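The values are calculated or read from the model by the stated rules, or taken from the named source; none is laboratory data. Predicted, not measured: the structure shown is a model, and the values here were computed from it. A quick note on method: Cβ atoms are made from the backbone with ideal geometry, for glycine too, and the neighbour counts reach across all protein chains shown. All accessible areas refer to the heavy atoms of the entire protein, side chains included, with ligands and DNA or RNA removed. Shrake-Rupley method; radii C 1.70, N 1.55, O 1.52, S 1.80 Å.
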Amino acid sequence: MGFSLEAVGVIHCCFKDKFGVPRQPGLINSAHARLEFYPPYNQCDAFTGLDEFSHIWIHFVFHHCLGQQTRLSVRPPRLGGNRKIGVFASRSTHRPNPIGLSVVKLAGIEKRGDGISLILEGVDLVDGTPVLDIKPYIPDVDAISDAQTGYAQQAPEARFNVIFTPQAEQQCYRFTERWPDLKRLIVEVLSLDPRPAYLSEKSGNRQFAIRLYQLDVHWRVLEINLIEVLSIELVAE
């Protein structure tokens with residue numbers, strides 16, 4: 001039986017590409033997003049009662065992975081990228097159908113003109129992500145206290161301290177009027193080490209860059225537990 005799905009909305013957030021996006025929701029509290037709904041789903045009637053919930057499930061499309069070949073086995077970052085497991089035992093983006101599922105904090109419901117947007121916190125989504133559906137998170141049935149988690153026994157912890165060069169500190173201050181939580185966001189993202197697992201032990205003095213909002217953040221690993229932010233540059237929109 002054939003079927004088709006359509007997006008009900010789209011994500012607008014600080015992460016402009018996959019590099020730097022947290023690998024699970026809820027890891028970076030300062031990762032905010034706005035979920036804009038398309039007509040006819042942007043009517044107030046569709047959201048009556050939603051403000052009584054603190055968190056929601058988001059069903060979305062891994063749109064950066066469309067057209068990629070399905071992988072039956074993957075190397076999860078939690079296992080250091082050294083061990084393969086089955087795709088259905090992972091949350092890899094490389095899936096038979098590129099559908100993702102995240103639970104995020106619902107920080108507010110915003111009416112803009114004739115439409116509705118949801119304000120979200122703790123997202124692990126890329127800007128422009130198509131959203132297929134949302135559902136309220138219900139702790140009594142969604143949180144299972146005795147569930148077993150296989151290789152993901154504990155939530156990822158911050159691995160790095162993050163420092164700023166004087167230049168980066170000044171640049172960060174310059175942009176805080178537009179993005180008040182910018183420094184906190186940079187520290188939270190980099191402390192979790194966004195590098196692919198295969199680079200985590202081989203970076204040397206290599207410099208990296210991540211795109212947050214309209215900014216390129218350049219950084220490098222100084223020591224085994226220290227990252228230095230080198231510069232923060234505005235990218236032409």
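If R₀ is 25 angstrom, what is the calculated FRET efficiency for the pair LEU226 and ARG178, using the beta carbon separation as r and rounding to 0.05?
Taking R0 as 25 Å, the efficiency between LEU226 and ARG178 is 0.35.
Just going by the charge dipole of segment 83-137, with Lys and Arg at +1 and Asp and Glu at -1 on Cβ, which of PRO98, VAL126, ILE109 is farthest out on the positive end?
Checked the options; the winner is PRO98.
Out of ASN42, LEU5, SER30, whose Cα points farthest toward the positive end of the dipole of segment 1-45 (charges: +1 Lys, Arg; -1 Asp, Glu; placed on Cβ)?
The residue sitting farthest along the positive end of the dipole is SER30.
Over the chain, what is the relative contact order in whole percent, taking alpha-carbon pairs under 8 Å and six or more residues apart?
Computed value for the chain: 26 percent relative contact order.
Antiparallel DSSP bridges in the chain: what percent, to the nearest 5?
Close to 90 percent.
Subtracting the Cα-Cα distance from 0.36 nm times the residue separation, let me have the gained length for HIS218 to VAL87 in nm, one decimal.
Fully extending the segment from HIS218 to VAL87 adds 43.9 nm.
Work out how much length ILE163 to ALA107 would gain on full extension: take 0.36 nm times their residue separation and subtract the Cα-Cα distance, in nm to one decimal.
In short, 17.2 nm is gained.
At R0 = 45 Å, how high is the FRET efficiency between TYR38 and GLN170 if r is their beta carbon distance? Nearest 0.05 is fine.
0.65
With r as the distance between the Cβ atoms of SER73 and GLN24 and R0 = 22 Å, compute the FRET efficiency 1/(1 + (r/R0)^6) and round to 0.05.
Given R0 = 22 Å and the Cβ-Cβ separation, E is 0.60.
Carbon and sulfur together cover what percent of the accessible area of segment 61-134 at a 1.4 Å probe radius?
Carbon and sulfur: 49 percent of the exposed surface of segment 61-134.
Which length gain, in nm to one decimal place, applies between MET1 and LEU66 when the Cα-Cα distance is subtracted from 0.36 nm times their residue separation?
Gain on extension, MET1 to LEU66, equals 21.2 nm.
Please work out the Cα center distance from segment 119-149 to segment 2-23, rounded to the nearest Å.
A separation of 13 Å, based on Cα centres.
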